[in-house]
Amino acid sequence: MATQLLIYKTAVPVSRARHGDCFVTTGIDYAFSGEVNSVPLMSVEFPHAAGEYAIVFAGSDAELMPVVILGVRGNENLFLSKDSGWGGGYIPAFLRRYPFVFSRSDDRFLLCVDEEFPGFNREGKGQPLFAANGEPTAYVDTML
């Protein structure tokens, strides 16, 4: 997949063949969100987000979706601190789940991972995507 969906650069479907030896290190570095001024929000997040963020509905007539405003100018995230931490108390799920995202293929959804995420590696650092027996780990199950 080409550059897509705000923060994702090369999201590809997670598979045992391609990612059997891959790991993901996550933490408190939100530098990946530095050039977005809004991110999608799920309705269940409204009570958590409403106290900190402006929630607006954006998109086209055919596809309106709720988003939280992170900055006034394009490519501006005012919630990103100088040390790449998150400056707000609530972190939208769209950012918490990174580097994972769902993609639609025909009538089903596929779990994808952004292979350009700095924490994506084959050096054994962080959470493995697959166990020694080839099955997805609990970490991947949680992302699903």
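The values are calculated or read from the model by the stated rules, or taken from the named source; none is laboratory data. Being a predicted model, the structure only gives us computed values, none of them experimental. Heads up, the Cβs are rebuilt from the backbone with ideal geometry, glycines too, and the neighbour counts pull from every protein chain shown. Note: accessible area is taken over every heavy atom of the protein model, side chains too, but ligands, DNA and RNA are not part of it. Shrake-Rupley method; radii C 1.70, N 1.55, O 1.52, S 1.80 Å.
Here are the numbers:
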| quantity | calculated |
| --- | --- |
| Yes/no for Phe57 being open to solvent by 80 Å² or more (accessible area, probe 1.4 Å) and among the aromatic types (Phe, Trp, Tyr) | yes |
| Of all residues in segment 128-144 being among the hydrophobic types (A, V, I, L, M, F, W, C) and in a loop (DSSP other than H, G, I, E, B), the one that is least open to solvent (accessible area, probe 1.4 Å) | Leu129 |
| Index of the failed condition, Leu70 passing every other in (1) of a type in the set (A, V, I, L, M, F, W, C); (2) under 30 Å from Pro128 (Cβ atoms); (3) in contact (Cβ under 8 Å) with a residue 24 or more places away in the chain | (2) |
| Residues of segment 94-120 satisfying the condition of being surrounded by fewer than 17 Cβ atoms within 10 Å (Cβ to Cβ) and within 15 Å of Phe32 (Cβ to Cβ) | Arg96, Arg97, Glu115, Glu116, Pro118 |
| Test for Ser81: is it within 28 Å of Val140 (Cβ to Cβ) and not aromatic (Phe, Trp, Tyr) | no |
| Residue selected from segment 23-54 under the condition of a type in the set (Phe, Trp, Tyr) and within 13 Å of the chain's Cα centre (by Cα), by the criterion most open to solvent (accessible area, probe 1.4 Å) | Phe32 |
| Matching residues, segment 124-143, being in contact with a strand residue (DSSP E or B) (Cβ under 7 Å, 6 or more places away or on another chain) and farther than 11 Å from Phe23 by Cα | Pro136, Met143 |
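A quick yes/no check of all residues on (1) modelled with pLDDT of 95 or more; (2) closer than 20 Å to Val140 by Cβ:
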site: Thr10; (1), (2): no, yes
site: Val14; (1), (2): yes, yes
site: Ala31; (1), (2): no, no
site: Ala62; (1), (2): no, no
site: Ile69; (1), (2): yes, no
